[in-house]
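For reference, the structure is listed below as structure tokens.
The values are calculated or read from the model by the stated rules, or taken from the named source; none is laboratory data. These numbers were taken from a predicted model, which means no experiment stands behind them. For neighbour counting, all protein chains shown are included, and Cβ atoms are generated from backbone atoms with ideal geometry for every residue, glycine included. Heavy atoms of the whole protein, side chains included, go into the accessibility calculation; ligands, DNA and RNA do not. Shrake-Rupley method; radii C 1.70, N 1.55, O 1.52, S 1.80 Å.
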Amino acid sequence: MVMTKMIPREASARVAHLLGRAPAVVLTGPRQVGKTTVALEFVREHGGAYLDLEDPRDRAKLADVHKYCERNAGRLVVLDEIHRTPGLFEPLRGIVDQRRREGRRAGHFLLLGSASIDLLRQTGETLAGRVAYCEMQPLNVREAVDADVDDLWQRGGMPDSLLAGDEADSFEWRFDFIRTYLDRDIPALGPRIPRETLRRFWTMLAHDQGRPFNASVLARSLGLSGRTVGRYLDLMVDLLLVRRLPSWRRSARKRLVKAPRAYLRDSGVCHALLGIDSYDALLGHPVAGGSWEGFVIENILSGLPAHVASSYYRSTGGAEIDLVLELGGGRIWAIEIMRSSAPKVSRGFHIACDDVGPDRRLVVHGGDESFPMREGIEAVSLRDLCAHRAPLAPFSA
């Protein structure tokens, strides 16, 4: 891997913007994605205090949270793994409200956590109107500008995996990442799930990358109920390890597949679960197409505003669009994803587009060039598409 320098993260600019207008900012993301690195950068550059609430010594400093925050008045206070101490949210609300009355309205607390839904619920109930949110995702092609796209796909976007010295070190890091979630992080969050059952479920999701989620089939394989398997999926989504992509529901003319698609959000973790330890092994594996599809979807969605709705389209007759984006103002993009650098669009894509009525039809492929195709379709490389960040101008031929 050629990169050795620290990689600037898009979340840093977003967090800085939010701290300028909100009393508290919640930064969520899976473990090891870089949240703490971003937070410590703020502490170094702007001054502040950092507490890791998994460390008993740091938790002890908050025995009197009001006194601690009073001593650090005027400084940003970073509370890492805040979901470990839910009792803090109530006093934080009082502190924020007191500072508001004193005219100090923004930039007091940066709260970090790895469990999205539970953390959002806790802050939403207690800090409503006082908090802004930012989700940090694995490295994307805009951030990892010095990385080869195929390396980023194979190793995934977790910084330590991408920057590892060789393939063996990268694979071992991801294997340890998976083991840590199974042995420590998930049990610490409360769910009593047998380790081996969860590992098998996670691996099955990796095998089914991009397929409609079929709880009954997975349940039979695991010897569980469909409802239990659904709860397992909810957990993985909550931990920001899996993306649940809903089906398009606005068709009045076609019978559509209704089940969501499930994608492991980091392609490198997907490959480690399946024992894929090199790029050559990936290219020869049956999951390569689904893995590339999930990788592209994560890169696209990581650069879009929160108001953009995403889904997929598949009719019972086989007409399909891999990704449908509703951009606001009635604008819709239809995106087909192919690994080949010489893409060919199927008849099913055209049929699906006739139903959806997109403003733009794009094919994201595995090559480096962007060029026009027939019938108003644009073939684009992943880097060219993501360079636009917000969907604005058409790509040049």
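Could I have the simple spin-label model distance between SER221 and THR85, label points 7 Å from Cα toward Cβ, reported in nm to one decimal?
Here the modelled spin labels are 4.2 nm apart.
Tell me the mean residue ellipticity at 222 nm calculated for the chain from its helices only (DSSP H runs of n ≥ 4, each -39500 (n - 2.57), averaged over every residue, nearest 500).
Taken over the chain, the calculation gives -11500 deg cm²/dmol.
Which value, in debye to the nearest 20, gives the size of the charge dipole of the range 147-197 about its Cα centre, when Lys and Arg are +1 and Asp and Glu are -1 at the Cβ?
500
Dipole size in debye (nearest 20) for the range 28-176 around its Cα centre, Lys and Arg Cβ +1, Asp and Glu Cβ -1?
The dipole of the range 28-176 has a size of about 1380 debye.
Report the accessible area of ASP150, computed with a 1.4 Å probe over the heavy atoms of all protein chains in place, in Å² rounded to the nearest 10.
Solvent-accessible area, nearest 10 Å²: 40 Å².
At a 1.4 Å probe radius, which order do MET158, MET204 fall into by accessible area, largest first?
So, going from the largest accessible area down, we get MET204, MET158.
Label-point separation (nm) for ALA60 and ASP169, each offset 7 Å from Cα along Cα-to-Cβ?
With each label placed 7 Å out from Cα toward Cβ, I get 3.6 nm.
Run the quick spin-label model on VAL257 and GLU125: label points 7 Å from Cα toward the beta carbon, then report their separation in nm to one decimal.
3.7
Cα axis of helix 167-180 to longest principal axis of the chain: angle in degrees, 0 to 90, nearest 10?
So the inclination is approximately 60 degrees.
Please arrange LYS67, LYS254 by accessible surface area, largest first, computed with a 1.4 Å probe and ligands excluded.
Ranked from most to least accessible, the order is LYS67, LYS254.
In debye, nearest 20, what is the charge dipole magnitude of the chain about its Cα centre with +1 on Lys and Arg Cβ and -1 on Asp and Glu Cβ, if you could check?
Dipole about the Cα centre, nearest 20: 1740 debye.
Does anyone have the angle between helix 89-101 and the longest principal axis of the chain? Alpha-carbon axes, 0 to 90°, nearest 10?
70
On the protein heavy atoms, probe 1.4 angstrom, tell me the percent of accessible surface of the chain carried by carbon and sulfur.
50
Report the accessible area of GLU41, computed with a 1.4 Å probe over the heavy atoms of all protein chains in place, in Å² rounded to the nearest 10.
50
In terms of Cα to Cα distance under 18 Å, which lysines are near enough to LYS35, apart from those fewer than 8 places away along the same chain?
Of all the lysines, those that pass the test against LYS35 - Cα under 18 Å, at least 8 places apart if same chain - are LYS5.
Once R0 is set to 45 Å, what does the formula 1/(1 + (r/R0)^6) return for the Cβ-Cβ distance between ARG199 and GLU70, expressed as a FRET efficiency to the nearest 0.05?
Calculated transfer efficiency: 0.45.
Quick check: Cα centre of the range 1-72 to Cα centre of the range 73-91, how many Å?
If you average the Cα positions of each part, the centres end up 10 Å apart.
What accessible surface, in Å², does a 1.4 Å probe find on PHE89, ignoring ligands, DNA and RNA and rounding to the nearest 10?
So the heavy atoms of PHE89 present about 0 Å² to solvent.
Using +1 at the C-beta of Lys and Arg and -1 at the C-beta of Asp and Glu, which of ALA215, PHE177, ALA188 has the Cα lying farthest in the positive direction of the dipole of the range 166-231?
ALA215
Give the angle, between 0 and 90 degrees and rounded to the nearest 10, that separates the Cα long axis of helix 10-19 from the longest principal axis of the Cα atoms of the chain.
40
Amide H to amide H, which residues 5 or more places from ALA49 or on other chains are under 5 Å from it, using H placed in the peptide plane?
LEU76, VAL77, VAL78
Which of VAL257, GLY268, LEU239 sits farthest toward the positive end of the charge dipole of the range 218-271, with +1 on the Cβ of Lys and Arg and -1 on the Cβ of Asp and Glu?
Working it through, the farthest residue towards the positive pole turns out to be VAL257.
Sort TRP173, TRP333 by heavy-atom solvent-accessible area, probe 1.4 angstrom, most to least.
The residues order as TRP173, TRP333, largest area first.
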